[in-house]
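Beneath this line is the structure, given in structure tokens, with notes to follow.
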Amino acid sequence: YSWNYEWGIKTGTIDNKYMMNLAVFYIDWTDQQIYQPVPSGQGSMLKNAGKSRSLGFEVEALARPIKNLTTNFSIGYTNAKFTEYQRDISNDIDYSGNFIPYVPAYTWYAGASYRLPLYKKFVDEIHFNANVSGIGRIYWNDTNTIEQDPYQLLNVRIDYQIKAFTFGIWARNLLNTKYTAFQFSALGNQYAQPGNPRLLGVSFSSRF
């Protein structure tokens, strides 16, 4: 079961040049499924015996300071912890107060795009786009002993529009940042999925 509380506000100018949204939240979980030893002590089972709470905020902003230029920014912060998690009472193993796995401490994004019209030229418009996103520390297990450090990803793209056709050149993770996208434990082993490396590509599309 969970109780969810959220408060937010949206603001913007009449000409839509500037916008900002804010939201804060609090979530209270009870009877959460957690692992505990079976009575025989051989293995574990899921039981509705845990409690957690999560609180944080999200902010997003958009600005169009000059013609054809759009900038946007967002940031989110989450503090998610177990408030009651007695993993093994007989052996005094208690994870209460630990961070909940797979929840990044924060996420953020900053981007800008610019549209360059080329009147009466072979190319009608050129669109420039660049953005960077950041991910905060992530814990991969209940004990908080395995974690992914914060990292950032840079993406860029240029689109050439010729009448109903668009030709694009793009790069994702331009700086070739090394990170782990997902990790888990199973049968005493650790399994990890590496994040995508630098990707370069081109795209073509048409409108009818």
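Every read-out reported here was derived from the displayed coordinates using simple, explicitly stated rules and does not represent laboratory data. All values reported here derive from a predicted model rather than from experimental measurement. Please note: Cβ atoms are built from the backbone with ideal geometry, for glycine as well, and neighbour counts cover all protein chains shown.
One table, with the values for the structure above:
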{"item": "Candidate values (1) 1.11; (2) 0.98; (3) 0.94, label of the one derived for Rg/Rh (Cα atoms, Kirkwood Rh)", "result": "(1)"}
{"item": "Dipole of the range 66-208 [Lys/Arg +1, Asp/Glu -1 at C-beta], most positive-end residue of L154, G136, Y114", "result": "Y114"}
{"item": "Cα-Cα P(r), the range 15-74, percent of pairs per 10 Å interval", "result": "18, 23, 16, 16, 14, 9, 3, 0"}
{"item": "Neighbourhood charge, 9 Å Cβ-Cβ cut-off, centred on R53 and excluding it, Lys, Arg +1 and Asp, Glu -1", "result": "+1"}
{"item": "Selected from F128, F167, F99 as most flexible by GNM, with the chain as the system and alpha-carbon contacts under 10 Å", "result": "F167"}
{"item": "Computed FRET value (nearest 0.05) for T180 with K120, which takes r as the C-beta separation and R₀ as 41 Å", "result": "0.20"}
{"item": "Orientation-averaged projected area, Cα convex hull of the range 86-159 (nm²)", "result": "6.2"}
{"item": "Kirkwood Rh and Cα Rg combined as Rg over Rh, evaluated for the range 126-198", "result": "1.20"}
{"item": "Packing rank of 187-197, 16-26, where each peptide gets the mean count of other beta carbons within 10 Å, highest leading", "result": "16-26, 187-197"}
{"item": "For F99, net neighbour charge (Lys/Arg +1, Asp/Glu -1) across residues whose Cβ lies under 12 Å away", "result": "+1"}
{"item": "Cβ charges +1 (Lys, Arg) and -1 (Asp, Glu), total dipole of the chain, debye", "result": "1240"}
